[in-house]
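*Asks:* Let me begin by handing over the structure; questions about it come next.
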Amino acid sequence: MEQQPINPPPLQIKPRPPYFKRLFSGRLNRQNYIVGSTFFALVPLVFFLVVIFNILLSPDTLAMPYLDANNPSQLITPHVSIVALLETPTNELWSALGILSIILSIPYLFSLQIRRLHDLNLSGWLWIANLLPLISFYTTPIPGFYNPQPNIWFIPLDVIALLANLFALYVTFWSGTNGPNKYGEKPLPRSNFLRDVLQIK
């Protein structure tokens, strides 16, 4: 009796996770972390630099003092309001684009930080360490507003801020786990902005 060939079962195609789940899971290598972080920091900066250049190039900004026509002995110095310069239609547009780009960049910056921590086999919640340098403002005098007296917390808070900055350098430049870890397989040594940074492809 002829034996019928056994057909292998069809391959099960695993559905892709939802976009935001992909964005905050898995691992990210150093190269893509640096490229992505630089991009999402530079885009808002470019918009606001355009606003600054528009203000600097405005004729009202560099208006020279002039003599009063009714009283030639009196010198009039124009007082230009920065708010008035910001409220021009062009600057309002560029400022709005800058604010919008910051809002859109925030989830991606969190995503990059979390996936990079995963690559180092660390919990993504350690992104909170980025906030620690802010405590150094507690010991930084602000003229006319806040002038702390030297106290017992001065040195410990500055040391914590310094350690947090060193941790940020570690996350940026240290090599990830060699091989798979609890957060997934080692990322491929490539740089693909759409696939690796934005998780679109």
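*Asks:* Do you know which residues across the range 82-101 are of a type in the set (V, I, T) and either part of a helix (DSSP H, G or I) or in contact with a helix residue (DSSP H, G or I) (Cβ under 7 Å, 6 or more places away or on another chain) (or both)? Full working, then the answer.
*Replies:* Of the range 82-101, the ones of a type in the set (V, I, T) are 82-83, 88, 90, 99.
Listed by number, the residues that qualify are I82, V83, T90, I99.
Yes or no, residue by residue, for (1) of a type in the set (A, V, I, L, M, F, W, C); (2) at pLDDT 90 or above; (3) closer than 30 Å to S191 by Cβ:
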{"residue": "K21", "(1), (2), (3)": "no, no, yes"}
{"residue": "L28", "(1), (2), (3)": "yes, yes, yes"}
{"residue": "Y33", "(1), (2), (3)": "no, yes, yes"}
{"residue": "L45", "(1), (2), (3)": "yes, yes, yes"}
{"residue": "V50", "(1), (2), (3)": "yes, yes, yes"}
{"residue": "M64", "(1), (2), (3)": "yes, no, no"}
{"residue": "Q74", "(1), (2), (3)": "no, no, no"}
{"residue": "T77", "(1), (2), (3)": "no, no, no"}
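*Asks:* Out of T88, T140, I need the residue that is among the polar types (S, T, N, Q), modelled with pLDDT under 85 and either under 24 Å from the mean Cα position of the chain (by Cα) or surrounded by fewer than 15 Cβ atoms within 10 Å (Cβ to Cβ) (or both). Which one? Spell out the reasoning first.
*Replies:* Details: T88 fails: either under 24 Å from the mean Cα position of the chain (by Cα) or surrounded by fewer than 15 Cβ atoms within 10 Å (Cβ to Cβ) (or both).
Answer to the selection: T140.
*Asks:* Moving to a separate point now. Report yes if some residue within the range 184-195 is among the aromatic types (F, W, Y), at pLDDT 85 or above and under 12 Å from L120 (Cα atoms); otherwise report no.
*Replies:* Kept after step one, since they are among the aromatic types (F, W, Y), are these residues of the range 184-195: 193.
Now restrict to residues that are at pLDDT 85 or above: 193.
Filter once more, keeping what is under 12 Å from L120 (Cα atoms): none.
No, because not a single residue in the range 184-195 is among the aromatic types (F, W, Y), at pLDDT 85 or above and under 12 Å from L120 (Cα atoms).
*Asks:* Kindly provide the set of residues from the range 161-178 that are among the small types (G, A, S) and modelled with pLDDT under 90, ordered by number.
*Replies:* Of all residues in the range 161-178, those among the small types (G, A, S) come to 161, 164, 168, 175-176.
Passing the criteria: A161, A164.
The values are calculated or read from the model by the stated rules, or taken from the named source; none is laboratory data. What you see is a predicted model, and the numbers here were worked out from it, not measured in a lab. Positions of Cβ are generated from backbone atoms using ideal geometry, with glycine treated the same way; all protein chains shown enter the neighbour counts.
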